[in-house]
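Since the structure comes first, as structure tokens, the remarks are kept for the end.
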């Protein structure tokens, strides 16, 4: 089995204060300007966004060339005035930047394709925020922004409720993971964090059930799940098989049971109507029996 990078611990990052300078970058796919502006307005209601120099560029299926997207990413993390870094959209492209990405103790915020950047931070022992990208933030309920700001400013996060117990039991450990598809593409690279002892968060979008099965099986056979303490499944958005009498969740739940660890499904995290912010690298307590994910540790403590 492959050996993955293991961070001994995950360092907290300094809390934000209202009015703090935050960087806005697009390391992945291009985006709709109108939807972006709605999310930017929510962000600007609390902090002072600084737009990356190449944010609005396009290069085929990417939000600019690798050189320009990497330059914006590097500038955001190296600028001492930057309190946090927000990604605009997922899609694809962040993985192309990983060989040259050197993270610093800054609060990176995003999900979906941003999982690739989160993974490097986990390899380096840094916490980050799995939360809305800007093109999602403007359409989420106001409570989602409040929770995101709470996470960034070091306030305790309320527990999240799942909808189904897959395997009962209680597990504790650092919350790691993110998007299932993106995480699977890191297998065999130096950017795949060890999941041993972790509560593994997974969500996905647009992957039909047989593809979810294939992705999960790949991770399992590569040894990525060895030593996982528990599994927290978020939304599986747009993943259903047309006309089927079973769901994508049925397929993934059946696979998760084989791990023999506490598993909770249906958490409000991912590409659905709600995407509640959580802190990757922080200690969590997963009670699959009572269907609760609790957050005794945050981004800044």
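The values are calculated or read from the model by the stated rules, or taken from the named source; none is laboratory data. The model shown is predicted, which means the values in this text are computed figures rather than measured ones. Virtual Cβ from ideal backbone geometry, glycine too; neighbours counted across all protein chains shown.
In table form, for the structure just shown:
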| read-out | value |
| --- | --- |
| Only listed residue being buried (at least 23 other Cβ atoms within 10 Å of the Cβ), within 23 Å of residue 236 (Cα to Cα) and in contact with a strand residue (DSSP E or B) (Cβ under 8 Å, 6 or more places away or on another chain), chosen from 162, 169 | 162 |
| Members of region 95-105 that are within 24 Å of residue 149 (Cα to Cα) and touching a helix residue (DSSP H, G or I) at 6+ places or on another chain (Cβ under 6 Å) | 103, 104 |
| Residue in region 76-98 that is over 23 Å from residue 279 (Cβ atoms) and either surrounded by fewer than 19 Cβ atoms within 10 Å (Cβ to Cβ) or over 19 Å from the mean Cα position of the chain (by Cα) (or both) present | yes |
| Test result for residue 44, outside the structural domain of residue 271 (by TED's automatic domain parsing), without any contact (Cβ under 8 Å) to a residue 40 or more places away in the chain and under 23 Å from residue 275 (Cβ atoms) | yes |
| Residue satisfying all of: in region 277-295; surrounded by 24 or more Cβ atoms within 10 Å (Cβ to Cβ) and in a loop (DSSP other than H, G, I, E, B); farthest from the chain's Cα centre (by Cα) among these | 288 |
| Any chance residue 165 is touching a helix residue (DSSP H, G or I) at 6+ places or on another chain (Cβ under 8 Å) and outside the structural domain of residue 36 (by TED's automatic domain parsing) | no |
| Residue match in region 192-211 (condition: touching a residue at least 60 places away in the same chain (Cβ under 8 Å), assigned to a loop (DSSP other than H, G, I, E, B), crowded, with 18+ Cβ neighbours inside 10 Å and under 15 Å from the mean Cα position of the chain (by Cα)) | yes |
| Selection within region 224-246 - in contact with a strand residue (DSSP E or B) (Cβ under 8 Å, 6 or more places away or on another chain) and more than 22 Å from residue 284 (Cβ to Cβ) | 237, 238, 239 |
| Restricting region 217-249 to residues that are without any contact (Cβ under 8 Å) to a residue 40 or more places away in the chain and part of a helix (DSSP H, G or I), the residue that is surrounded by the most Cβ atoms within 10 Å (Cβ to Cβ) | 219 |
| Residues that are in contact with a strand residue (DSSP E or B) (Cβ under 9 Å, 6 or more places away or on another chain) and surrounded by fewer than 22 Cβ atoms within 10 Å (Cβ to Cβ), drawn from region 255-276 | 257, 259, 260, 261, 266, 268, 271, 272, 273, 274 |
| Residue 114 vs. criteria under 25 Å from residue 184 (Cα atoms), surrounded by fewer than 17 Cβ atoms within 10 Å (Cβ to Cβ) and either touching a helix residue (DSSP H, G or I) at 6+ places or on another chain (Cβ under 8 Å) or in contact (Cβ under 8 Å) with a residue 24 or more places away in the chain (or both) | no |
| Region 25-62, subset touching a strand residue (DSSP E or B) at 6+ places or on another chain (Cβ under 8 Å) and in a helix (DSSP H, G or I), residue surrounded by the most Cβ atoms within 10 Å (Cβ to Cβ) | 43 |
